[in-house]
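Notes follow once the structure below has been shown.
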Amino acid sequence: MDDLTEKIKQFAKDKGACLVGIASPDKLSNAPESWKPWNLLPNVKSLISVAVKLNRTTIFQLPKTLKEYRLNYDLVNNKLNNLVWEISCFLEKEGYEAIPIPASTPFDGKKSMGDISHKHVAVAAGLGRFGLNNLVLTPKYGPYVRFATVLTSVSLNPDKPLNLDICP
């Protein structure tokens, strides 16, 4: 599946993903019960993590750029949602099952959590490491990224988790 793995990664980058990584679902076996990927797709074999970078200047100028940051956040989430949807459609055309997990909403407002932890998937897929503040730090973009995930029934080649210190 080397060929399909690379094809999916290139497809995601061509559609606007800044980072793409693949993780095995067993990397989330210690996740809380409500975050286990096989609850949504019983025959899940791979998790695809995609990232889109946020506009750093808007973040650095907070709080005076709060409205602009909100727009930035919403636009990035929309881009991520489109990305995971398009990747899922691509995989279905290839004959596999795929579920796009949205970047933000919908989520359980009582628990303040979605169906899966995009940050944990991103770390398992080698896109970054957890920082002291529990944000995922990426080598290229630091913490200035958002993530979304695709669950799929195809066995793709997983990326190795990062094994280095990251100081953006």
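The values are calculated or read from the model by the stated rules, or taken from the named source; none is laboratory data. On a predicted model such as this, the values are computed, not experimentally measured, just so you know. Here Cβ is always computed from backbone atoms with ideal geometry, including for glycine, and neighbour counts include all displayed protein chains. Keep in mind that these areas ignore ligands, DNA and RNA; they rest on the heavy atoms of the full protein, side chains included. Shrake-Rupley method; radii C 1.70, N 1.55, O 1.52, S 1.80 Å.
When we screen L54, L80 for residues that are touching a residue at least 24 places away in the same chain (Cβ under 8 Å) and under 13 Å from the mean Cα position of the chain (by Cα), the only hit is L80. In a residue-by-residue description of region 26-43, the property of being in contact with a helix residue (DSSP H, G or I) (Cβ under 8 Å, 6 or more places away or on another chain), at pLDDT 95 or above and surrounded by fewer than 16 Cβ atoms within 10 Å (Cβ to Cβ) applies to no position.
Of all residues in region 142-168, which are open to solvent by 30 Å² or more (accessible area, probe 1.4 Å), in contact with a Leu (Cβ under 7 Å, 6 or more places away or on another chain) and either in a loop (DSSP other than H, G, I, E, B) or at pLDDT below 95 (or both)?
P143, Y144, P168
In the set (1) of a type in the set (S, T, N, Q); (2) within 16 Å of P158 (Cβ to Cβ); (3) surrounded by fewer than 18 Cβ atoms within 10 Å (Cβ to Cβ); (4) touching a Pro at 6+ places or on another chain (Cβ under 7 Å), N81 fails one condition alone, (2). Criterion applied to I48, I116 was being under 17 Å from the mean Cα position of the chain (by Cα), closer than 20 Å to A17 by Cβ and part of a strand (DSSP E or B), and the one residue passing it is I48.
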